[in-house]
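The next block holds one structure in the form of structure tokens; read it before the comments.
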Amino acid sequence: MKLALTDRQKEIVSSLRAKDAGKNAAAFNSLEKGVMTFADIDALCGIINAEFMMEGILPTFEPNLYGLELERLLDLINRPRLSS
């Protein structure tokens, strides 16, 4: 299943890739190719969740605008796992 990322989602993925410093390069490469294993999905979901916890919530524990973007990206990346 090829995932159709928006331009903004591509920007976020690029930023997350840079922050990850190559530790999960294979998972990011798989996302770009659109052929992800469950391990790739798990790795990417973990990275997005960590970013959400650090940058995506307000002091009230509600998501900020960036957090909402991360939630949408997480839903998109996790979709293949949920549909199997």
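The values are calculated or read from the model by the stated rules, or taken from the named source; none is laboratory data. Since the structure is predicted, the reported quantities are computational estimates derived from the model, not experimental observations. So basically every Cβ, Gly included, is an ideal-geometry build from the backbone, and we count neighbours across all protein chains shown. Just so you know, the surface numbers come from the protein's heavy atoms only, side chains and all, with ligands and any DNA or RNA stripped out. Shrake-Rupley method; radii C 1.70, N 1.55, O 1.52, S 1.80 Å.
Annotation note: Cβ proximity below 7 Å between a residue of segment 35-49 that is touching a residue at least 24 places away in the same chain (Cβ under 8 Å) and under 17 Å from Ile12 (Cα atoms) and a residue that is of a type in the set (Asp, Glu) and surrounded by fewer than 19 Cβ atoms within 10 Å (Cβ to Cβ) (sequence gap 6+ or interchain) occurs for Ile47/Asp20.
Search segment 7-50 for residues being among the aliphatic types (A, V, I, L, M) and part of a loop (DSSP other than H, G, I, E, B), and hand back the single one that is surrounded by the most Cβ atoms within 10 Å (Cβ to Cβ). Per the stated criteria, the residue is Met36. Number of residues in segment 51-83 that are in contact (Cβ under 8 Å) with a residue 40 or more places away in the chain and either at positive phi or open to solvent by 100 Å² or more (accessible area, probe 1.4 Å) (or both): the value is 2. Give segment 8-31 a look and list any residue that's in contact (Cβ under 8 Å) with a residue 12 or more places away in the chain and of a type in the set (Asp, Glu), or say none. Within segment 8-31, just Asp20 meets the criteria.
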